Amino acid sequence: MMQLSPIGFIRTPYQEKFAIPRQPGLVPSAIGEIHFQAPFDDVNCLRGIEQFSHLWLIFQFHQTLERGWTPLVRPPRLGGNRKLGVFATRSTHRPNGMGLSVVEVAGLTTRQGKPLLKVRGMDLLDGTPILDIKPYLPYADALPEAEAGFADAPPAIMEVVFTEQARRHLQEIRCQSTELEQLISEVLTQDPRPAYKQQNKQEEFGMRISGFNIRWQAEAGVNRVLSIEPAATPAEKG
């Protein structure tokens, strides 16, 4: 039987599956760090990678592996009501639990003598195992004339508004308020609600992102940010 060894894992702002962008590149403010593990933490493995602006990440849907796979799935883009074959979708419930995302290179540094690769625009959960990295080649990988079936059009965009209370919370955060505001805006613009919830007239939702609990209210094409508060650490919860 074939065995795969992750080359490392990625740290991202997305600390829970809810609100992760459904495709890469939709939230360019999201910055991730790929940490490599031995024997793949040799800096020579990354020699020349700065020549490429974008990379393919091959990763594992580690939190859905135990659920197994099914031949038919319900794509969110179809409202969760229509079934399609798993190989005709990008569902996380796959036979081998593998995913593929294109990301932008944001820098290569070292930490304690080990390489640290920063990437931008990922759609991956914090702690996702990375199985492999390959350069993105525009002349071969970009196909403008390709047809995309039910996902041919980009997702709908929602307006994002910050309440006075949310603005006060951002001011209290200070040092990273601008970056956090941009990240929240880009995530909520994509309308992360489940398809079956998008028809509701008014409802509150929450997500944990970059160490903060975000509460917002969705109504008539607008996501209204209500509060931004530091998330409790495991020690504080215990």
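For the options ASN81, ASN213, ASN44, a Gaussian network treatment of the chain with springs between C-alpha atoms closer than 10 Å singles out ASN44 as fluctuating the most.
So what does the Cα-only Debye profile of the chain read at q = 0.09 Å⁻¹, as log10 I(q)/I(0), no solvent term? Here the Debye-derived log intensity ratios amount to -0.43. Running a GNM on the chain with Cα contacts under 10 Å, which residue among ALA166, ALA156, ALA106 ends up with the highest mean-square fluctuation? Answer for the Gaussian network model of the chain: ALA156. Here the gap between SER5 and PHE40, fully extended at 0.36 nm per residue and compared with their Cα-Cα distance, gives a gain of 11.6 nm. Calculated accessible area for the range 1-144 comes out at 59 Å² per residue, all protein chains present (probe 1.4 Å; ligands, DNA, RNA ignored).
For LEU131, nonlocal amide neighbours, meaning residues 5 or more places apart or on other chains whose placed amide H falls under 5 Å from its own, are ILE7, ILE58, PHE59, GLN60. Taking GluC sites (Glu not before Pro) as exposed when DSSP calls them loop and at most 16 other C-beta atoms lie within 10 angstrom, the chain has its longest site-free stretch at 17-144. Shown here for the range 106-168: trypsin sites (Lys or Arg not before Pro) in loop regions (DSSP other than H, G, I, E, B) with at most 14 other Cβ atoms within 10 Å, of which there are none.
Please work out the C-alpha center-to-center distance from the range 29-58 to the range 61-131 and express it in whole Å. Comparing the Cα centres of the range 29-58 and the range 61-131, I get a distance of 17 Å. Checking the a/c ratio against 1.5 first, then a/b against b/c, what shape does the Cα gyration tensor give for the range 121-229? The shape class here is oblate.
Counting lysine pairs in the chain whose alpha carbons fall under 23 angstrom apart, excluding pairs fewer than 8 residues apart on the same chain, gives 7. Please give the net charge around ALA146, taking every other residue with its beta carbon less than 15 angstrom from that of ALA146, where Lys and Arg add +1 and Asp and Glu add -1. Surrounding charge for ALA146 is -3. Rg over Rh for the range 45-165 works out to 1.02, using Cα positions for both radii and the Kirkwood form for Rh.
The values are calculated or read from the model by the stated rules, or taken from the named source; none is laboratory data. Bear in mind that the values here come from a model prediction, so they are computed numbers and not experimental data. Note: ideal-geometry Cβ built from the backbone for every residue, glycine included; neighbour counts use all protein chains shown. To get the accessible areas, we keep the full protein, side chains included, count just its heavy atoms, and leave off ligands, DNA and RNA. Shrake-Rupley method; radii C 1.70, N 1.55, O 1.52, S 1.80 Å.
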